[in-house]
Every structure is written in structure tokens, then in C-alpha cells.
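Undergrad: Take this structure, written in C-alpha cells, and hold onto it; I'll ask about it next.
FYI, it's all coordinate maths here, none of it is from the lab. Small disclaimer: the values here were computed from a predicted structure and weren't measured. Reconstructed Cβ throughout: ideal geometry from the backbone, glycine too, with neighbour counts over all protein chains shown.
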Amino acid sequence: MVNRHKFGQRLLKEALDSGVTLLDETRVINPLIRDGCVVGVETERTSTQNKIEIPAAITVDASGYSGVIRSRLPSSFGIESTVENRDLIAAYREIRSGTTWSSDLGEIYLTQHIARGGYYWIFDKGNGKVNVGLGVQMTGGHPDPRQQLYKYVLSKKTLKDSKLEQSGGGIVPTRRPLDCLVSNGVMILGDAACLVNPMHGGGIGPSMLSGKLAAETAVKALEKRDVSKESLWQYNIKYMQSYGAKQGSLQIFRLLLQNLSDDELNFGLNHNLVKEEDVLRIGLTGELDLNITEKVERALKSVSHLGLLIKLQKTAKKMRNVKDLYQKYPSSPNRLDRWKHILNSIYKS
């Protein structure tokens, strides 16, 4: 378990020690665009409302879900500016002390009744403390995750007498990566580029990977004095062929989970159609592998839920197809539209 606050402070210190200039209490208003290229940002000091333009050879949007640069780019840049609600999870979590909860595992519960389209979790932090939270899919009048947490989770016997220490909430994009992460003079990283595991919403790892790959690409582009989309394209290729491929396939599995009833979920786990180790492996690898022997064995146990087995087999095939397609991510921008067409056809099949 990572102490998120201390981890962030360590990264900030390392950045400052390496010569980075931090402008706190400053927000970005708009990207500066000249001749079809991002050339910096317009900012505003929150204390004085003074506006300052900051020029840059390459502008990096790592502003989280809000995507302050991404959301303000013209469509001609070829980067998706918005994320659909069906691909977003509204989450709320608390750190609580004085519990009698004890577990050697981080526990995650899939249930449409309590956490529609998402899940709730209880992670033991030791010494009577837990990290407990809940996330719901942001579609059609979705329930308030905080209210759901208090009604169904914090009312448990082991948690009801606990004390609140910290709380927080946010929006998590749980989908495949944006189909393109770069354009002239601009790169999109982390949650701003939807670089989050679609199955469990974890984003620290892929965000750091995207930072590393983007930095390596940016250095080469600056050395060549070429910050065009074509020059920055290697960041796209390297990310999509690594973690992006797993994200793409996991979106298929996420869509399956979000459309299963609690009865189907429980049946699938109780009768080993999907085992606990299957779920863990899927989250780590982005692959749902059921060999022939397992398929026959599991089918015999699930005559009453044959439809669920068919869904699993279809999902496994689509996951393989998507992962294979990401390994063939186009080598240049002019081939992207064709690749996107094939990808979307797989998702819609």
C-alpha cells in the first residue's frame, strides 16, 4: 500500500531538486495555439487573478480527469476532448480508525445493488485503521457514492463504531486510453489521457509509465527541434503496445462485468466459471484464458447459466483481438483512422 500523500510529496521534492520551477496557486486557463501548434499556456494566479502566458516548446497535460489542455484543444488536433459518462466512475473513500476489521487481503466487492457499475472496497491499514470506499458508474441518475458507502458498508458491525480521519472523492476514467495522446506541441499523460486500469481504476502505475515514455520522446524531439505530431508519435506507439494493450482488452471485460446481474456474478464465481485467480490474472494481464478442458468442465456445472458461459467465451475472444490490434498500433498519424475503425468494430461486435 502506498501512502499517497507522502508519495506525491516525494515526487515533488525530486522534481524541485532536479531544477523544476513550481508555480503553485496557479491555474491553466487555455492552451496557446499558433499555426496549428500548441506553444504554451495562459495561466491565472488564483490570489491576484493576474494572467500570465508561459511559452513552451512542448506542453504536457497531466492535469488528471479534468484534462484542462485536452478539453480545450480544437478538433483539428485529433485528440478526444471529452469522455463519456459511461466510461467514468464517481468514487468516494474514507480512512477510518477504531475498527474491528482485520484481513490479510485487500477486499473488493462487485455488486450492482450497492455499487452499480463499480465496486466497494475495504483495505486493512493495520492498528484498527481501514481505507474504505465505493465507486459507481456515472450513468443515468447514478446514486451518490458517499450515501451508498454509509448506508451499506459503514453500517457493517466491524465498521459502524469507527471514527473518520480523512475523506476524499473524485472521478476516474475507466476506459481504454485516448486513441491518440499527442499532437503538434502537446502530449497528454495519466488520467488526462484516460490511462487507468479499466477493471479496478488504479492509475498510479500507468501514469508513471506514460510520464517516462513521454519524457524520453520529448527529449529526442527537442534535440531534433521538431515537436510536430509525427515527431512525438513514438510516445503513442510505445504506450499503446505496452500498458495500452492491456487497457484496451480490459475495457471489454469491464463492459461484461457492468452488464451482469448480482445473481450472474455470484453464480459465475461460486461455480468456478470465473475463479478468483482468473479475476486477478485478468486484471494483471488483460487476458481471459479458458482452455478447452476448463470450458467443458465449467459448462457441465452451469447448464442453467449457459448464456453466461457464452458471454465469457465471446468476451475472451474479443479481448484477444483487441490486445492483438494494439500491438499493431499505426506507425504514423495518417494510418490512425483505419486502425480506429477496426478497433471500434471489435467493440461493437
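Undergrad: By how many nm would the segment from Arg4 to Ser349 lengthen if fully extended, with 0.36 nm per residue of separation less the alpha-carbon distance?
TA: 120.3 nm
Undergrad: If you bin the C-alpha pair distances of segment 85-173 every 10 Å from 0, what whole percents do you get?
TA: 19, 52, 25, 5
Undergrad: Something else now. List the equivalent ellipsoid semi-axes of segment 34-114 in whole Å, largest first, each obtained as the square root of 5λ for an eigenvalue λ of the Cα gyration tensor.
TA: Square roots of five times the eigenvalues give 40, 20, 12 Å.
Undergrad: If you place +1 on the Cβ of every Lys and Arg and -1 on the Cβ of every Asp and Glu, how big does the dipole about the Cα centre of segment 8-86 come out, in debye to the nearest 20?
TA: 100 debye
Undergrad: Follow-up. Between Asp324 and Ala56, what FRET efficiency follows from the Cβ-Cβ distance if R0 is 41 Å, with the result rounded to 0.05?
TA: 0.65
Undergrad: Would you tally the net charge around Arg96, using a Cβ to Cβ cut-off of less than 15 Å, leaving Arg96 out, and scoring K and R as +1, D and E as -1?
TA: Here the charged neighbours net out to +3.
Undergrad: Please give the FRET efficiency for Glu44 paired with Lys224, using the beta carbon to beta carbon distance and R0 = 45 Å, rounded to the nearest 0.05.
TA: FRET efficiency, Glu44 to Lys224: 0.85.
Undergrad: Also: Given points 7 Å out from each Cα along the Cα-Cβ axis, report the Ile108 to Asn127 separation in nanometres with one decimal.
TA: About 2.8 nm, to one decimal.
Undergrad: List every residue whose amide H lies under 5 Å from the amide H of Leu88, counting only residues 5 or more places away in sequence or on a different chain, with H placed 1.01 Å from N in the peptide plane.
TA: Met138, Thr174
Undergrad: So how do 101-114, 118-131, 216-229, 246-259 stack up, highest first, on mean other-Cβ count within 10 Å?
TA: So the peptides 101-114, 118-131, 216-229, 246-259, ranked by packing, come out 246-259, 118-131, 216-229, 101-114.
Undergrad: If packing is taken as the mean number of other Cβ atoms within 10 Å per residue, what is the order of 132-138, 307-313, 14-20, highest first?
TA: Going from most to least packed, we get 132-138, 307-313, 14-20.
Undergrad: Please report, in debye to the nearest 20, how large the charge dipole of segment 85-173 is about its Cα centre when each Lys and Arg carries +1 at its beta carbon and each Asp and Glu carries -1 there.
TA: Computed about the Cα centre, the dipole is about 220 debye.
Undergrad: Still on this model: Please compute the length gained on full extension between Arg281 and Leu16, using 0.36 nm multiplied by the number of residues separating them and subtracting their Cα-Cα distance.
TA: Here the segment from Arg281 to Leu16 would lengthen by 91.6 nm.
Undergrad: Could you line up Leu164, Leu22 from fewest to most neighbouring Cβ atoms inside 10 Å?
TA: Leu22, Leu164
Undergrad: Assigning unit charges at the beta carbon (Lys, Arg +1; Asp, Glu -1) and nothing else, what dipole magnitude in debye, to the nearest 20, does the chain show about its Cα centre?
TA: That gives the chain a dipole magnitude of about 440 debye.
Undergrad: Right, another one. By average Cβ neighbour count within 10 Å, what is the ranking of 314-326, 29-41, 231-243, 186-198 from highest down?
TA: Averaged packing, sorted descending, gives the order 186-198, 231-243, 314-326, 29-41.
Undergrad: So for the chain, what are the equivalent ellipsoid semi-axes in whole Å, largest first, each being the square root of 5 times an eigenvalue of the Cα gyration tensor?
TA: Ellipsoid half-lengths, sorted descending, are 37, 28, 17 Å.
Undergrad: With r as the distance between the Cβ atoms of Ser261 and Gln166 and R0 = 35 Å, compute the FRET efficiency 1/(1 + (r/R0)^6) and round to 0.05.
TA: 0.55
Undergrad: For Lys6, what charge total do you get from the other residues with a beta carbon under 14 Å from its beta carbon, if Lys and Arg give +1 and Asp and Glu give -1?
TA: +3
Undergrad: A follow-up question, please. Going by C-beta contacts inside 10 Å, put Leu269, Leu149, Leu213 in order with the fewest on the left.
TA: Leu269, Leu213, Leu149
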